[in-house]
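Inspection log for the structure reproduced underneath, given as structure tokens.
The values are calculated or read from the model by the stated rules, or taken from the named source; none is laboratory data. Only a predicted model underlies this, so the values are computations on that prediction, with no experimental measurement involved. Quick reminder, even Gly has a Cβ in these numbers, built from the backbone with ideal geometry, and neighbours come from all protein chains shown.
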Amino acid sequence: MRSNRDRAILALAVSTAARASELLGLRGADLDWGDQLAQVRRKGSGAQQWLPASAESFVWLRLYLEDLGPLGPDAPVWWTLRRRERSGDVLERRPLTYDALRAVLRRANTALGTNWTMHDLRHTSALRMVRSQRLSLRDVQVVLGHAHLTTTQIYLVEDDQEILRRVHQYLADQAEPSQEAVASESTVGYDSNDLAVLLGGVPR
């Protein structure tokens, strides 16, 4: 990413799982700086929804907006500079379009030798949330804006390397008894001296 704007878009996309069109529709009033939330308008329904975003994304947003200058509550968040058609030497500020955003990714893909898309960022964010033990599938469904839980379940894809890691950890746990098991084994039964007293014998 060659600018704070592009870094902010990338960080927002991978932390909120918002679609490209939803991110491009952000206005100044859609940013809650205190709670680090971004309000999007859902594709299809148009319903407004606040989404939690990463602290990193808001750092890049602040740096980008410092470069951009004052932003009104109804103004689009994302802007780009384009040359005027009649005067090629004059630059004017225009809202960032989907085609312009795709051009940003094309440049990055060319430099990295990759083929990432904005949907890949949404997919990555969804997979990270599904694999987190802190979030339920219902939590992920709400963030993704899915009407049906079955749509969210497509992200329940297990990574083979992660499965191998967990099984290795399971086998290691089986080979080494836990501290609680060792402690319980050491306390099972009675001390021979206590038994002797209890049964009227002579302690050894």
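Criterion first (among the β-branched types (Val, Ile, Thr) and closer than 28 Å to Arg128 by Cβ) does Thr80 satisfy it?
Taking the combined requirement at face value, the residue does not satisfy it.
Identify all residues within segment 62-79 that are of a type outside the set (D, E, K, R) and either touching a strand residue (DSSP E or B) at 6+ places or on another chain (Cβ under 7 Å) or outside the structural domain of Ser15 (by TED's automatic domain parsing) (or both); write none if there are none.
Leu68, Pro73, Ala75, Pro76, Val77, Trp78, Trp79 - these are the residues of segment 62-79 that are of a type outside the set (D, E, K, R) and either touching a strand residue (DSSP E or B) at 6+ places or on another chain (Cβ under 7 Å) or outside the structural domain of Ser15 (by TED's automatic domain parsing) (or both).
When segment 28-52 is examined, which residues are found to be over 20 Å from Ser125 (Cβ atoms) and touching a Pro at 6+ places or on another chain (Cβ under 7 Å)?
Gly28, Ala29
Within segment 81-99, is there a residue that is touching a helix residue (DSSP H, G or I) at 6+ places or on another chain (Cβ under 6 Å), assigned by TED's automatic domain parsing to the domain that holds Ala20 and under 21 Å from Phe58 (Cβ atoms)?
Within segment 81-99, none of the residues are touching a helix residue (DSSP H, G or I) at 6+ places or on another chain (Cβ under 6 Å), assigned by TED's automatic domain parsing to the domain that holds Ala20 and under 21 Å from Phe58 (Cβ atoms).
Among the helices (runs of 4 or more DSSP H) confined wholly to segment 1-112, which include 3 or more residues that are exposed (fewer than 14 other Cβ atoms within 10 Å of the Cβ)?
Per the criteria, 55-68, 98-112.
Are any residues in segment 119-160 part of a helix (DSSP H, G or I), exposed (fewer than 12 other Cβ atoms within 10 Å of the Cβ) and without any contact (Cβ under 8 Å) to a residue 12 or more places away in the chain, and if so, which ones?
Arg138, Thr150, Ile154, Asp160
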